[in-house]
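Throughout, read-outs are computed from the coordinates displayed, never taken from laboratory work. Quick caveat: nothing in here was measured; it's all calculated off a predicted structure. Backbone-built Cβ (ideal geometry, glycine too); neighbour counts: all protein chains shown.
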Amino acid sequence: MSSGSTMVDQGARDLGSLRLRGLLTLVTGIVLIVAAVFALTAGVGAIWHKVTATPAIAATSATAAATASSSAVSLKLSINPAPLGGVKGPDGLVHDAFVPGALTMTAGTNYDVTIYNYDTQSHAWMLPELNIDAMVPAGSASSPSVTHFTITPKSAGTFQWFCPLPCDKWGMAHNGFMRGYLTVKS
């Protein structure tokens, strides 16, 4: 082999080595940025949970005491309760769900609704015909978030409620999971 071809081979190896180092530096930088963004959003999520969950619990206690003297009917819903952390669907899988999924009320009656969220994801309980849009912060299996609101349906009918936040795609498409019906009787 001539000295000219040796220099070309050495130069090609050096160029390849520089490219590899550059690629490794780029990948390392991307990983560090992703880790920083993840850490920041996890921290913000934890702070948001603290800020939104604690007042909901306090408001529940104060409102429950105030409505205890009224004729409000207490109604409790759970999101992903134990032991499954959801509800088993006909497909054999456990899906996100509000329990119970079907509700019945009487027109003109005040209902004191409390939602316990055992899921680590936020949800919402929305029923546009009755102007209900209740945001439900994330909780956990050991410390559910608590959301409280009042419904007083005025007239009889059947109304669809749903969770508008993207969570369990299957559950969002099936009644009795992330959507269902409220039947109001006269």
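A few comments on the model shown:
- Taken over region 95-106, the criterion of being of a type outside the set (A, V, I, L, M, F, W, C), crowded, with 18+ Cβ neighbours inside 10 Å and in a loop (DSSP other than H, G, I, E, B) is satisfied by 96, 101.
- Candidates in region 107-150 are the residues that are in a helix (DSSP H, G or I) and touching a residue at least 12 places away in the same chain (Cβ under 8 Å); of these, the one that is farthest from residue 75 (Cα to Cα) is 129.
- Tally of residues being of a type in the set (Val, Ile, Thr), surrounded by 17 or more Cβ atoms within 10 Å (Cβ to Cβ) and under 15 Å from the mean Cα position of the chain (by Cα) across region 107-134: 1
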